[in-house]
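Data first, discussion second: the structure below is written as structure tokens.
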Amino acid sequence: MQRFNNKVVVITGAGSGIGEATARRFSEEGASVVLAGSTAAKLDKVAATLPKERTLVQVTDVSDFSECKRLVDAAVNAFGRLDVLVANAGVFAEGSVADVSLSEWKQTLDTNVGGVFHCARAALPELLKTRGSIVNTASVSGLGGDWAAVAYNASKGAIVNLTRSMALDHGLAGVRVNAVCPSFTRTPMTDDMQQDKALVARFEERIALGRPCEPREVAAAIAFLASEDASFITGVNLPVDGGLTASNGQPKMG
């Protein structure tokens, strides 16, 4: 498929995991891609494997609006327009309200929620011109709670409802806003979890398809939501979870 020929896509958190897979998917479908992230070496490594004439690297701290504005300006200066924003950058902090550190709480909210808000605010003037779309990376952790992940859960829950709110606000102007909600996905963020075979087995018991998600599978959902194939879809928080949220939470019988 070449659904994004002559389109320009900005992807945050593009140096690894879901962001990297998403950059590859859009590039394969003909888009010019702007890889944004906090670590130049990771972004450069991804960029080296993509078409040079259709790839731009921009080191960006999404918790800072001025850097997000600089990111959007760089995309438009390089490629002349902006059609899709994929707000994917995120961090994880472990702990309950009683023991998560105040600095971790702030960083998680500033990056995960602030990053979506800042990037959307910076991108909207350009997306209004192209009647483009935004796809946010939320999580099943924004649809239901986890133990000992209060900062992450709060941030992803905020993204879920921020997605709905933006969809309402900008739909009449032709800008669609959706989110993906992955479950346990094989990314660098979950490396520690992947090493715990007993924990992985417990996840597999809860996931109807019986395995963790691969980044390319989330990328495929993001590309669908950003494409004209989803032209009448907005305000959706799409679980990409192998059937995890199909369960009412009770254990498997027998």
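Take 118, 170 and order them by how many other Cβ atoms sit within 10 Å, fewest up front. Walk me through the numbers on the way to the answer.
Numbers: 118 25, 170 19.
Ordered by Cβ neighbours within 10 Å, fewest first: 170, 118.
With a Cα-only, solvent-free Debye model of the stretch 165-254, what are the log10 I(q)/I(0) values at q = 0.25 Å⁻¹? Results for the stretch 165-254 at q = 0.25 Å⁻¹ read -1.20.
Near the amide H of residue 177, within less than 5 Å, lie the amide hydrogens of 134, 235, all on another chain or at least 5 residues away, with H placed in the peptide plane. Taking amide H as placed 1.01 Å from N in the peptide plane, the amide H of residue 95 sits under 5 Å from that of 149, 150, each at least 5 places away or on another chain.
Put the Cα centre of the stretch 177-254 next to the Cα centre of the stretch 22-44 and the gap is 22 Å.
Plugging the Kirkwood radius over Cα pairs into Stokes-Einstein for the chain, at a temperature of 37 °C and a viscosity of 0.692 mPa s, what D comes out in µm²/s?
Values: Rh = 18.3 Å.
Result for D is 180 µm²/s.
Taking Cα centre as origin and charging only the Cβ of basic (Lys, Arg, +1) and acidic (Asp, Glu, -1) residues, the dipole magnitude of the stretch 33-178 rounds to 580 debye.
Taking other C-beta atoms within 10 angstrom as a stand-in for reagent exposure, 193, 253, 166, 1 fall in the order 253, 1, 193, 166, fewest first.
Across the stretch 193-208, rounded Karplus estimates of 3J(HN,Hα) from the backbone phi angles (6.51 cos²θ - 1.76 cosθ + 1.60, θ = phi - 60°) give 5, 5, 6, 8, 4, 5, 5, 4, 4, 5, 4, 4, 5, 8, 8, 4 Hz, Gly and Pro being marked x. Sorted ascending by nearby beta carbons within 10 Å, beginning with the fewest, 126, 214 become 214, 126. With the convex hull of its Cα atoms as the shape, the stretch 1-76 has an orientation-averaged projected area of 4.6 nm². Highest mobility in the GNM of the chain, judged by mean-square fluctuation with C-alpha springs under 10 Å and restricted to 48, 23, 93, is found for 48. For residue 57, nonlocal amide neighbours, meaning residues 5 or more places apart or on other chains whose placed amide H falls under 5 Å from its own, are 35. Taking the chain as the region of interest, the number of lysine pairs whose Cα atoms are within less than 25 Å, with members eight or more places apart or on different chains, is 16.
Quick one: plug the Kirkwood hydrodynamic radius of the stretch 12-146 (C-alpha pairs) into Stokes-Einstein at 20 °C, 1.002 mPa s, and report D in µm²/s. Numbers along the way, then the final one.
Numbers: Rh = 15.4 Å.
Result for D is 139 µm²/s.
Along the stretch 81-93 the Karplus relation, 6.51 cos²θ - 1.76 cosθ + 1.60 evaluated at θ = phi - 60°, assigns HN-Hα couplings of 6, 9, 10, 9, 10, 10, 8, 10, 4, x, 10, 10, 10 Hz to successive residues, with x for each Gly and Pro.
Electrostatic tally near residue 144: other residues with Cβ closer than 13 Å to its Cβ, Lys and Arg +1, Asp and Glu -1, net 0.
Values in this text are rule-based calculations from the coordinates and carry no lab data. This one's a predicted model, so the numbers in the text were calculated from it and none came from an experiment. Please note: Cβ atoms are built from the backbone with ideal geometry, for glycine as well, and neighbour counts cover all protein chains shown.
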